[in-house]
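Data first, discussion second: the structure below is written as structure tokens.
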Amino acid sequence: MPHRPEDDWTRPMPRTRRGQPVNDWEVDDRSERQGWREDAWEDDPRYAESYAGGQDFSDDDWDGYREREVPERGRSRTGPAGPPPRAPRGRTRRPRYGVRRFLVALLVLVLVWVGGTIWALGASWQAIERVDATPQNPDRPGSAAGSNILLIGTDSREDLTDEERREFKTGSTEGARADTIMLLHLAGGGGDPTLLSIPRDSLVEIPGSGSNKINAAYSGGGPALLVDTVEQSTGLPVDGYVEIGFDGFVDVVGAVDGVRMCLPDPVVEERSDLDLPAGCQDLAGKDALNYVRMRYADPRGDLGRVERQRQFLASLVQRLTEPSTVLVPWRLHEAGTATGAALQIGEDTSMWEMLRVALAMRDISGDQGNSVTVPVADPSYVVGGQSTVLWDEAGAQELFEALRTDGPLTVEP
């Protein structure tokens, strides 16, 4: 019977030489380090004797043996599965903690900014004084399209020191009169706003007092009587009331570091020591106050004055609503509290209406709104020895009707 070494179960198992790798994956990793070669099996007589019974394997036999005998990668020849193959070397992926930290820091900054903005707006709103500006007249105009806010600038010197009165050339007259009267119409449906100037010397009927200059309504009955007079004269319901005095005006302009105005010609008025060159410049303090009040050096008198007041007010609001002011909480707080302390608003005027006023004035300063004056028939109409402003009744009524219905304006802006 021929001898078949592969059937001899008594043949000794090959022993692994000391330092020799057991698994193929170890062969791959350690062959060069230990100097092991694949053909070492053929060179070692012990293995040749053990597997071939002393007879040399040919190359074909040896290949066949390797096909038959070499265990699967990762499994030991003499026991259970060996250790898993080594993972390829390289940089270990780490969690993206940097992105998370950035997002958390960004969220914290946003929350701080929102909190600071709310704090600044709340402080500004609380600084505003409320006044009774609701007329008691039962015959008030009915509802109309849009809404109307009455803007008043008074000549009150109450909070000015004697030194400031001399510096600003305001005189020492006691009490307060309506120095500036404007009606801001906020059109419904997203239409353009309209800022209407009413000359302070306009001859109108004051409820309970007869015919007189419109500013006499304020000095005689305060905000409520002035609102009633404007409503009866225009037929437009007044939905909100905002007032500012001399001292407050100077403080607000100072809080924004002046207002940019571009003058086509030099402005000189000896009575108020006003001397401004032509060109663009920042006006603050007494120059700003005297510029908006000037009328003696203006050949158009009160009509030229109301136009300058509209321009200056629109530029002031634009300065107050610049991103550098409203997006920086501490600057918003500084400008907002200065503005709030300078204002008086009607008890029924809401924060939402004040916000709409600011946005509308910004639009007007950017040529996205209308700025007009009540049509005038005679700017120097003398009554009882006083010079008054006489309206063009037909033109004025057409304008008021256009505002009441949100129709097209009948006068040139």
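With respect to the conditions (1) open to solvent by less than 50 Å² (accessible area, probe 1.4 Å); (2) in contact with a strand residue (DSSP E or B) (Cβ under 8 Å, 6 or more places away or on another chain); (3) closer than 20 Å to Ala335 by Cβ, Gly285 lacks only one, and its number is (2). At pLDDT 90 or above, open to solvent by 40 Å² or more (accessible area, probe 1.4 Å), under 27 Å from the mean Cα position of the chain (by Cα) and aliphatic (A, V, I, L, M) - does that describe any residue in the stretch 117-124? So far as the stretch 117-124 goes, yes, one or more of its residues are at pLDDT 90 or above, open to solvent by 40 Å² or more (accessible area, probe 1.4 Å), under 27 Å from the mean Cα position of the chain (by Cα) and aliphatic (A, V, I, L, M). Identify all residues within the stretch 349-358 that are small (Gly, Ala, Ser) and not in a helix (DSSP H, G or I); write none if there are none. Ser350, the sole residue that qualifies.
Does the stretch 275-296 hold any residues that are in contact (Cβ under 8 Å) with a residue 24 or more places away in the chain and of a type outside the set (A, V, I, L, M, F, W, C), and which are they? Write out each step before concluding.
Restricting attention to the stretch 275-296, the residues satisfying the condition of being in contact (Cβ under 8 Å) with a residue 24 or more places away in the chain are 282-286, 288-294, 296.
The answer is Asp282, Gly285, Lys286, Asn290, Tyr291, Arg293, Tyr296.
Return the residues of the stretch 117-150 that are farther than 14 Å from Val242 by Cβ, assigned to a helix (DSSP H, G or I) and out of contact with any Leu (no Cβ under 8 Å at 6 or more places or on another chain); say none if nothing qualifies. If the condition is that a residue be farther than 14 Å from Val242 by Cβ, assigned to a helix (DSSP H, G or I) and out of contact with any Leu (no Cβ under 8 Å at 6 or more places or on another chain), then Ile118, Trp119, Gly122, Ala123, Gln126 are the ones that fit.
Assess whether Arg404 counts as being basic (Lys, Arg), open to solvent by 20 Å² or more (accessible area, probe 1.4 Å) and modelled with pLDDT of 90 or more. Steps first, answer last, please.
Working: basic (Lys, Arg): yes; open to solvent by 20 Å² or more (accessible area, probe 1.4 Å): yes; modelled with pLDDT of 90 or more: yes.
So Arg404 fits the description; yes.
In the stretch 183-243, counting only strands (runs of 3 or more DSSP E) that sit wholly within it, the ones holding 1 or more residues that are more than 27 Å from the chain's Cα centre (by Cα) and within 21 Å of Asn370 (Cβ to Cβ) span 194-197.
Checking the conditions here, which among Glu401, Glu307 is touching a residue at least 24 places away in the same chain (Cβ under 8 Å) and more than 21 Å from Gln232 (Cα to Cα)? Write out each step before concluding.
On the way: Glu401 fails: more than 21 Å from Gln232 (Cα to Cα).
Just one listed residue meets the conditions, Glu307.
Taken over the stretch 363-395, the criterion of being free of Cβ contacts under 8 Å to residues at least 24 places away in the same chain and surrounded by 15 or more Cβ atoms within 10 Å (Cβ to Cβ) is satisfied by Asp392, Gly395. Taking the stretch 262-348 and the helices (runs of 4 or more DSSP H) fully enclosed by it, the elements with 2 or more residues that are under 15 Å from Ile152 (Cα atoms) and either at pLDDT below 85 or of a type in the set (A, V, I, L, M) (or both) are at 285-293, 302-320. When each of Ala224, Ala278, Ala255 is tested for being of a type in the set (Gly, Ala, Ser) and open to solvent by 30 Å² or more (accessible area, probe 1.4 Å), the lone residue that passes is Ala278.
The values are calculated or read from the model by the stated rules, or taken from the named source; none is laboratory data. Not measured: the values here are computed from a predicted model. Positions of Cβ are generated from backbone atoms using ideal geometry, with glycine treated the same way; all protein chains shown enter the neighbour counts. The accessibility values were calculated without ligands, DNA or RNA, using every heavy atom of the protein model including side chains. Shrake-Rupley method; radii C 1.70, N 1.55, O 1.52, S 1.80 Å.
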